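Asker: The structure under discussion is supplied below as structure tokens; questions concerning it will follow.
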Amino acid sequence: DADRPRTMQISVQAAGADHDALVAKNWKKQWLANGREESGITADQMDKMLAYIKAARSDLCHQSFVAVSPSGVVVGSAACQLWSGPAPQFDGDKAGTVWGVFVEPEHRRRGVATRLMQAVIKHWTSIGCQRGVLLCASEEARRVYERLGFGPGHMLLLELQPSNAAAPAPS
């Protein structure tokens, strides 16, 4: 690790449908890296993700990005689009969402995720978003997002089936 350069020379490129399978595979890798069990991911998840990306590209200004090394290897990806969740929307008030931010483990902590997120933020701005929503971040990745300006919002999470936590005492 000490011999590895601190930043990596990469290019971040907008990705089209030809990279959808890679983005979906990286999304799965992200969830597995964040502690999800592979057995909990349904057999048809790739098909569902590819259909989701196709629909989001059509209806929600979806854009995927890939980080490419000088040798042409994709070392990371991210996907973003307009938020379509149940938050109230006001005229001219748009939010973007990002998901599936993934960097191959051997290329982490070298600025790749930051560069991907800068491309995401630029895309959000280009489609008129005033804010961005990030729903899932590992503790390791949280530092990257906070350096880019992400902060706490009005959201609380309740794990209905906590894996390692004791149930709250009845009141």
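Asker: How much accessible area per residue does segment 45-159 have, counting only protein heavy atoms and a probe of 1.4 Å, in square angstrom?
Answerer: For segment 45-159, the per-residue accessible area is 58 Å².
Asker: Measure off, as a whole percent, the carbon and sulfur share of the 1.4 Å-probe accessible area of the chain, all protein chains present. Provide the component values of the computation, followed by the final result.
Answerer: Details: 6100 of 11120 Å².
Solvent-exposed carbon and sulfur of the chain make up 55 percent of the total.
Asker: Classify segment 37-135: rounded, prolate or oblate, from the alpha-carbon gyration tensor (a ≥ b ≥ c, eigenvalue square roots; a/c under 1.5 rounded; otherwise prolate if a/b is larger than b/c)?
Answerer: oblate
Asker: FRET efficiency for GLU159 and ALA55, Cβ-Cβ distance as r, R0 = 22 Å, nearest 0.05?
Answerer: Result of the calculation: an efficiency of 0.15.
Asker: Estimate the FRET efficiency between MET46 and GLU140 by the formula 1/(1 + (r/R0)^6), using the beta-carbon distance for r and 35 Å for R0, to the nearest 0.05. If you can, show how the numbers build up before the last one.
Answerer: On the way: r = 25 Å, r/R0 = 0.72.
Plugging the Cβ-Cβ distance into 1/(1 + (r/R0)^6) gives 0.90.
Asker: For ASP20, ASP59, ASP93, give the ranking by accessible area with the largest first, probe 1.4 Å.
Answerer: Sorted descending by solvent-accessible area, the residues read ASP59, ASP93, ASP20.
Asker: Given axes a ≥ b ≥ c from the Cα gyration tensor, I'd like to know whether the chain is rounded (a/c under 1.5), prolate (a/b larger than b/c) or oblate. Mind showing how you got there, number by number?
Answerer: On the way: a/c = 1.39, a/b = 1.15, b/c = 1.21.
Rounded, because the longest to shortest axis ratio a/c is under 1.5.
The values are calculated or read from the model by the stated rules, or taken from the named source; none is laboratory data. Computed from a predicted model, the values in this text were never measured in an experiment. Cβ: placed from backbone, ideal geometry, glycine included. Neighbour counts: every protein chain shown. Surface areas here come from the heavy atoms of the whole protein model, side chains and all, with no ligands, DNA or RNA. Shrake-Rupley method; radii C 1.70, N 1.55, O 1.52, S 1.80 Å.
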